[in-house]
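Following: one structure in structure tokens, then a few remarks.
The values are calculated or read from the model by the stated rules, or taken from the named source; none is laboratory data. A quick note: this is a predicted structure, and the numbers were derived from the prediction, not measured. We place every Cβ from the backbone using ideal geometry, glycine too, and count neighbours over all the protein chains shown. Just the protein is used for accessible areas: all its heavy atoms, side chains included, with ligands, DNA and RNA removed. Shrake-Rupley method; radii C 1.70, N 1.55, O 1.52, S 1.80 Å.
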Amino acid sequence: MTKAVVFDLGGTLMQYVGMPYSWVSFYQQGVRAISRKYGCNVSEEEIGETVRILEDFNPRVNYREKEYSAESIFAKALEHWHMDVCHVPIEDCVEAFWSGLKLKAEIYPDTIPVLSSLKEQGYKIATLTDLPSAMPDRIFKRDISELLGHFDDYVSSAVCGHRKPNCKGLWMIAEKYEVPITELIFIGDEEKDRQTARNAGCRFIQIRRGEAKEDGISDLYELEALLQN
């Protein structure tokens, strides 16, 4: 039988350095980057309204499982800026916003060695990740380009159309590799990851980096040993 291990990404295999779980406090920085780049004549009130709309779409502020494209979110958030009059495509505004946040992605040092080792042992390696709210796949994948070649399958909330704890992404992975979903092993760092696995009926292993846990692991090397038992 095919052995398949599915990983969450943020907090599990990588992190955006210095970023909290909810990024709403950084939204104004990104919105101002759009205004500066395109010389938009918008007021502080209009900037504040854009930030408020982005916050409303943030699932850590307003719970949602349905995923929305970055372009649709920014089209709503910038509607009162009348960017179409300036002939600035929404896609360019999205790029300016995320460039303005000056994010730094860091791959944890144990990630690639363990993924490589699991691949050598015959495991199929997949990932199921929620994108940061209003971030397109193309930007996220650019930030983790070093990792992509280690995955047999990449499923994001944009790919499956739902955010965790909805388990549609796990079903997609199970069907692709013809593995009973109950045979998948899902590794993640958050309670919503645990709930996703519970909803799918598959095994869950929680990683809490740097924390000793009786019911989980503190690094991926511990995962390797656990899978061999």
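Would you confirm whether any residue within the range 196-204 is polar (S, T, N, Q), open to solvent by less than 20 Å² (accessible area, probe 1.4 Å) and under 15 Å from the mean Cα position of the chain (by Cα)? Before the answer, list the steps.
Initial filter on the range 196-204 (polar (S, T, N, Q)): 196, 199.
Restricting the remaining residues to those that are open to solvent by less than 20 Å² (accessible area, probe 1.4 Å) gives 196.
Filter once more, keeping what is under 15 Å from the mean Cα position of the chain (by Cα): 196.
For the range 196-204, residues polar (S, T, N, Q), open to solvent by less than 20 Å² (accessible area, probe 1.4 Å) and under 15 Å from the mean Cα position of the chain (by Cα): present.
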Q.
Which condition from (1) assigned to a loop (DSSP other than H, G, I, E, B); (2) more than 26 Å from LEU148 (Cβ to Cβ); (3) of a type in the set (S, T, N, Q) is the one that SER25 breaks?
A. (1)
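Does the range 128-164 hold any residues that are assigned to a loop (DSSP other than H, G, I, E, B), over 21 Å from VAL24 (Cα atoms) and of a type outside the set (Gly, Ala, Ser), and which are they? Before you say what the answer is, go through the steps one by one.
Here is the first cut: in the range 128-164, the residues assigned to a loop (DSSP other than H, G, I, E, B) are 130-136, 144, 149-152, 161, 163-164.
Subset that is over 21 Å from VAL24 (Cα atoms): 144, 149-152, 161.
Correct list: ILE144, HIS150, PHE151, ASP152.
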Q) Does GLU55 satisfy being open to solvent by 20 Å² or more (accessible area, probe 1.4 Å), assigned to a helix (DSSP H, G or I), charged (D, E, K, R) and within 30 Å of LEU128 (Cβ to Cβ)? A) yes
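Determine whether the range 208-217 contains at least one residue that is part of a strand (DSSP E or B), free of Cβ contacts under 8 Å to residues at least 60 places away in the same chain and buried (at least 20 other Cβ atoms within 10 Å of the Cβ). Give the derivation first.
Keep residues of the range 208-217 that are part of a strand (DSSP E or B), which gives 216-217.
Next, from what is left, pick out any that are free of Cβ contacts under 8 Å to residues at least 60 places away in the same chain: 216-217.
Within this subset, residues satisfying the condition of being buried (at least 20 other Cβ atoms within 10 Å of the Cβ) are 217.
Yes, the range 208-217 contains a residue that is part of a strand (DSSP E or B), free of Cβ contacts under 8 Å to residues at least 60 places away in the same chain and buried (at least 20 other Cβ atoms within 10 Å of the Cβ).
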Q | Whichever residue in the range 122-153 is touching a residue at least 24 places away in the same chain (Cβ under 8 Å) and surrounded by fewer than 17 Cβ atoms within 10 Å (Cβ to Cβ) and, among such residues, is nearest to LEU103 (Cα to Cα) | A | GLU146
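Among what's in the range 37-52 and is of a type in the set (D, E, K, R) and free of Cβ contacts under 8 Å to residues at least 24 places away in the same chain, pick the residue that is surrounded by the most Cβ atoms within 10 Å (Cβ to Cβ).
As a first pass, look at the range 37-52 and keep what is of a type in the set (D, E, K, R): 37, 44-46, 49, 52.
From what's left, free of Cβ contacts under 8 Å to residues at least 24 places away in the same chain: 44-45, 52.
Numbers: GLU44: 8, GLU45: 9, ARG52: 12.
Out of the qualifying residues, it is ARG52.
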Q: Count, please, the residues in the range 63-90 that happen to be open to solvent by 70 Å² or more (accessible area, probe 1.4 Å) and either at pLDDT 95 or above or in contact with a helix residue (DSSP H, G or I) (Cβ under 7 Å, 6 or more places away or on another chain) (or both).
A: 5
Q. Here are some conditions: (1) out of contact with any Leu (no Cβ under 8 Å at 6 or more places or on another chain); (2) surrounded by 18 or more Cβ atoms within 10 Å (Cβ to Cβ); (3) over 18 Å from PHE74 (Cα atoms). PHE97 meets all but one. Which one does it not meet?
A. (3)
